[in-house]
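The values are calculated or read from the model by the stated rules, or taken from the named source; none is laboratory data. Quick caveat, the model's predicted, so the values are computed rather than measured. A quick note on method: Cβ atoms are made from the backbone with ideal geometry, for glycine too, and the neighbour counts reach across all protein chains shown. Accessible surface areas use protein heavy atoms only, side chains included; no ligands, DNA or RNA. Shrake-Rupley method; radii C 1.70, N 1.55, O 1.52, S 1.80 Å.
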Amino acid sequence: MLLEDKDPAGDIEGEAVNGRMCIVTRQSGTPETLIRFVAAPDGRVVPDLKKQLPGRGCWVSAERAVLEKAIAKKLFSRGLKGDVTAGPELADEVDRLLSIQLAGMMNMARKAAQFISGASKVEQAVRAMAALATFHAVDAAADGVRKIDQARKAMSFVADDGQEIPSFRFFTEAEMEGLLGQNAFIHACALAGQAGEGVVKRANMLARYRGTVPVRAVGADTGLPTQ
């Protein structure tokens with residue numbers, strides 16, 4: 001059973017009345033747009049992606065540029081009300097943890113039959129309007145990506161909202177193998193269901209953090225199956 005992230009108990013300094021406030025932008029947000037940070041016993045600032053670590057926490061918009069500003073301006077000491085340490089490596093650590101979190105959700109969704117891989121299977125799922133989002137290795141062959149993009153574009157014309165399903169390219173094939181092992185893929189997609197939705201949620205978070213946007217399909221076809 002998929003467990004939703006839980007917020008820590010108690011009030012946290014810097015939270016807005018009806019939400020959470022970024023210590024850099026001073027804007028309120030949601031768990032999908034903010035990352036919580038706490039101080040470890042040794043004073044290091046650590047990310048709390050699951051929002052479950054005890055103690056005082058503070059929030060930063062889930063964008064690498066904003067986090068780097070918090071580090072450079074030493075805003076964590078004020079947000080956490082203590083003498084804490086946050087070095088430049090913290091930005092890379094958050095990226096690494098977000099990537100691991102996404103990979104873990106992909107593996108969970110695969111076990112639930114809500115994440116499939118293989119160019120033909122992905123294209124079929126897109127044309128059947130069963131896919132929530134597609135994923136490709138950064139170094140995937142252009143032809144395989146093109147066929148799936150054509151399917152995404154074609155299905156946008158018959159979708160109720162007229163929108164393309166999102167497509168993400170986060171990792172090279174080698175990076176994928178490091179994260180997913182034998183479940184590494186070149187082309188994949190998330191399917192409807194709680195686990196599949198969890199994959200898309202975490203993909204959106206990583207994309208937001210890296211300052212990227214889902215890839216739009218280039219070109220279109222008639223919507224007929226490709227040969």
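Relative to the longest principal axis of the Cα atoms of the chain, the long axis of helix 194-210 makes an angle of roughly 60 degrees. Annotation for region 136-155 versus region 43-121: alpha-carbon center distance of 29 Å.
At an R0 of 30 angstrom, the distance between the Cβ atoms of Gln52 and Gln182 translates into a FRET efficiency of 0.55.
Classify region 159-207 as rounded, prolate or oblate, taking a ≥ b ≥ c as the square roots of the eigenvalues of its Cα gyration tensor: rounded when a/c is under 1.5, otherwise prolate if a/b is larger than b/c and oblate if not. In terms of gyration-tensor shape, prolate. Test of understanding: in a Gaussian network model of the chain with alpha carbons linked when under 10 Å, which of Ala154, Ala137, Ala128 would top the mean-square fluctuation ranking? Judging by the Gaussian network model, the answer is Ala128. In the full protein context, the chain carries 52 Å² of accessible surface per residue, based on a 1.4 Å probe and ignoring ligands, DNA and RNA.
Straight-line cross-link partners of Lys73 among the lysines, defined as a Cα under 18 Å from its Cα and at least 8 positions apart when in the same chain: Lys81. Within the same chain, lysines fewer than 8 places from Lys74 are excluded, and of the rest, those with a Cα less than 29 Å from its Cα are Lys6, Lys50, Lys51. Rg/Rh for region 44-175 (Cα atoms only, Rh after Kirkwood) is 1.10.
Taking 0.36 nm per residue of separation and subtracting the current Cα-Cα distance, fully stretching the chain between Gln27 and Arg210 would add 63.9 nm. For the chain, the share of accessible area belonging to carbon and sulfur comes to 53 percent (1.4 Å probe, ligands and nucleic acids excluded). Using equal-weight Cα scatterers in the Debye expression, the normalised intensity of the chain in log10 at q = 0.09, 0.16 Å⁻¹ is -0.42, -1.06.
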